[in-house]
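Structure first, then comments.
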Amino acid sequence: MSRIQIQGFYPLKGRVSIQGSKNAVLPMMAAALLHRGITVLANVPFIEDVECMKGILKSLGCRCRQKGGVLEIDASFLRTCAIPDSYVKRMRSSVILLGALLGRLGEGSCGYPGGCLIGARPIDLHLQVLESLGAQVSAGCDEVQVRGRGKRKAVGGMIRLRYPSVGATEQALLGAVLAEGTTQIFGAAREPEIAQLCRFLKGMGARIEGCGTDCLTICGVKELHDSYFPVEGDRIVAGTYMAAVMAATGQAEIRGVNLPALKLPCRLLMKAGARIEKDETADALRISMKERPRGLVIETAPYPGFPTDLQSPFMAFLAGAKGESRIRETVFEDRFATAGELRKMGARIRVQGREAEIKGVWPLMGTKVQAKDLRGGAALVAAALGAGGETVIENCGYIERGYEDICRDLAALGARIRRI
Ligand code: UD1
């Protein structure tokens, strides 16, 4: 079990380059299945979830070769349409492979997805999408099977999402690209990773209109072609490191980020007292925090709202902020597990349903805590950097699912942090 040890209370100072985006690269890897040929992705992060997705692609028959951050996927021959259960349990996003398998082979199956334990995570919208694309869907106790009707694979259709689910929107895009006819998705998620996926698919030869909006139109094409795409920097990793600067104070230059995607988090950080300068030409920003932050009121929401994935990293620095803060989590029903760990460090956080009330305590004190999920684990790292004494974070496997090397990156900012 990997652990991270941190000596807190030292201001940060330095520069860090942000890894490629996890939530962008995973659906792109799934989309590579659509093409009977080669897809090359650059700036691919070295994280557990990418390894897991590679494992799935290989088990389906793809060849995956990675050199540095460049990943080549050759999906010329597929030998099965069944996604092994062991992978699906490890990573929730594997469910979006069903859309790609339907488009390419006309059938697919997988178990029910796993992933972080952050409340009930149904897949009803995914199933609705697959049905709208003409598939027969049979959802048994432990397996979902999809199959095109008769001799047809996917067929274009009208999809209205009652909620802008990121995964269901990706599912719909992947299923629609090779479908017969036109698909319209109303109420699509607008996260920057979706717009990136659309650009990537267009680079493979897909015909998509409305990128970046909640209404996407996809005209099915017969086949795609070889392509190359550099994955954008991870806005959530960038936001986590900004939260670390807020907790520990100091200044940092954060490079390789899509700045517009961080507009709202940056606005809130400035409200809490940070100075942020953006360098649009270099895709970089400089954040500087000289004193204890001020409290904030935050509500998570689908993009362009505040990202739920930054909720716990922000809670981490707000736990030490002046005055009171309130966070309302509207995306996932049970995403406050990290509050309990922050309390062990002295934080005063009261959780009631989907709302957390935080009375700032300064400084928090280091102790032994446990990562409860991916972003929550990273949030504990941020909190520990601002806390007095030593913190040991256990169960850091969660963090490795999404952060290439959080110790390396924060050490580059002068943090006293190491894996033990
Ligand atoms: C993706 C991100 C995750 C982020 C989340 C919300 C990836 C790999 N993961 O997850 O980091 O936190 O978006 O921005 O990109 N829902 C249903 N039925 C469904 C699907 C979803 O009710 O069929 C609900 C979920 O339970 C949740 C909400 O919709 O309450 C948002 O989920 P969704 O947007 O689908 O998130 P993911 O795609 O799983």
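Residue check: residue 208 meets all listed conditions (1) in contact (Cβ under 8 Å) with a residue 12 or more places away in the chain; (2) away from the ligand (no atom under 16 Å from the Cβ); (3) in a helix (DSSP H, G or I) but one, namely (3).
Of note, residue 115 satisfies the criterion of being at pLDDT below 85, closer than 22 Å to residue 334 by Cβ, part of a loop (DSSP other than H, G, I, E, B) and in contact with a helix residue (DSSP H, G or I) (Cβ under 6 Å, 6 or more places away or on another chain).
Take residue 245 and tell me if it is over 26 Å from residue 185 (Cβ atoms), of a type in the set (A, V, I, L, M, F, W, C) and within 16 Å of the ligand (Cβ to nearest atom).
On the way: over 26 Å from residue 185 (Cβ atoms): yes; of a type in the set (A, V, I, L, M, F, W, C): yes; within 16 Å of the ligand (Cβ to nearest atom): no.
Criteria not met by residue 245.
Scanning the stretch 73-101 for residues that are within 19 Å of residue 150 (Cα to Cα) and within 16 Å of the ligand (Cβ to nearest atom) turns up 98, 99, 100. Meeting the requirement of 3 or more residues that are surrounded by fewer than 16 Cβ atoms within 10 Å (Cβ to Cβ), within 22 Å of the chain's Cα centre (by Cα) and of a type outside the set (S, T, N, Q), no strands (runs of 3 or more DSSP E) wholly within the stretch 305-396 can be named.
Scanning the stretch 175-205 for residues that are free of Cβ contacts under 8 Å to residues at least 60 places away in the same chain, under 17 Å from residue 132 (Cα atoms) and out of contact with any Asp or Glu (no Cβ under 9 Å at 6 or more places or on another chain) turns up 180, 181, 182, 183, 184.
Consider residue 33 carefully, then state whether it is assigned to a helix (DSSP H, G or I), closer than 19 Å to residue 90 by Cβ and more than 12 Å from the ligand (Cβ to nearest atom). It would help to see each step written out before you state the result.
Numbers: assigned to a helix (DSSP H, G or I): yes; closer than 19 Å to residue 90 by Cβ: yes; more than 12 Å from the ligand (Cβ to nearest atom): yes.
So residue 33 passes the test.
For the stretch 331-350, the set of residues classified as of a type outside the set (A, V, I, L, M, F, W, C) and touching a helix residue (DSSP H, G or I) at 6+ places or on another chain (Cβ under 8 Å) consists of 335, 338, 341, listed by residue number.
For the stretch 294-334, enumerate the residues that are more than 16 Å from the ligand (Cβ to nearest atom) and touching a strand residue (DSSP E or B) at 6+ places or on another chain (Cβ under 7 Å). Even if it seems obvious, please write down each step before you answer.
Quick first cut of the stretch 294-334, residues more than 16 Å from the ligand (Cβ to nearest atom) only: 294-297, 316-326.
Those that are more than 16 Å from the ligand (Cβ to nearest atom) and touching a strand residue (DSSP E or B) at 6+ places or on another chain (Cβ under 7 Å): 294, 295, 296, 297, 318, 319, 321, 322, 323, 324, 325, 326.
Checked against the criterion of being in contact (Cβ under 8 Å) with a residue 24 or more places away in the chain and more than 30 Å from residue 43 (Cα to Cα), the candidates 253, 291 yield just one match: 291.
Which of the residues that make up the stretch 271-285 are surrounded by 15 or more Cβ atoms within 10 Å (Cβ to Cβ) and under 21 Å from residue 316 (Cβ atoms)? Walk me through it before giving the result.
The initial filter retains those residues of the stretch 271-285 that are surrounded by 15 or more Cβ atoms within 10 Å (Cβ to Cβ), namely 272-274, 276, 278, 283-285.
Matches in the stretch 271-285: 272, 273, 274, 276, 285.
If you take the residues in the stretch 274-293 that are out of contact with any Ser or Thr (no Cβ under 9 Å at 6 or more places or on another chain) and farther than 17 Å from residue 241 by Cβ, which one is nearest to the ligand (Cβ to nearest atom)? Among those that are out of contact with any Ser or Thr (no Cβ under 9 Å at 6 or more places or on another chain) and farther than 17 Å from residue 241 by Cβ, it is 280. Restricting attention to the stretch 41-54, does a residue exist that is assigned by TED's automatic domain parsing to the domain that holds residue 87, within 15 Å of the ligand (Cβ to nearest atom) and without any contact (Cβ under 8 Å) to a residue 24 or more places away in the chain? Within the stretch 41-54 (the criterion being assigned by TED's automatic domain parsing to the domain that holds residue 87, within 15 Å of the ligand (Cβ to nearest atom) and without any contact (Cβ under 8 Å) to a residue 24 or more places away in the chain), the answer is yes, since at least one residue qualifies. Of the residues that sit in the stretch 397-406 and are farther than 12 Å from residue 3 by Cα and surrounded by fewer than 24 Cβ atoms within 10 Å (Cβ to Cβ), which one is farthest from the ligand (Cβ to nearest atom)? The qualifying residue farthest from the ligand (Cβ to nearest atom) is 405. Being of a type outside the set (D, E, K, R) and either part of a helix (DSSP H, G or I) or surrounded by fewer than 20 Cβ atoms within 10 Å (Cβ to Cβ) (or both) is the filter here, so list the residues in the stretch 180-195 that pass it. The answer is 181, 182, 184, 186, 187, 192, 194, 195. Does the stretch 56-89 hold any residues that are in a loop (DSSP other than H, G, I, E, B) and in contact with a helix residue (DSSP H, G or I) (Cβ under 8 Å, 6 or more places away or on another chain), and which are they? Correct list: 62, 75, 78, 79, 80, 81, 83, 84. Within the option set 140, 150, 212, being of a type outside the set (S, T, N, Q) and at pLDDT 95 or above holds for one residue only, 212.
The values are calculated or read from the model by the stated rules, or taken from the named source; none is laboratory data. For clarity, every value in this text was computed on a predicted model and none was experimentally measured. Because the Cβ atoms are built from the backbone with ideal geometry, glycine has one as well, and the counts that use them run over all protein chains shown.
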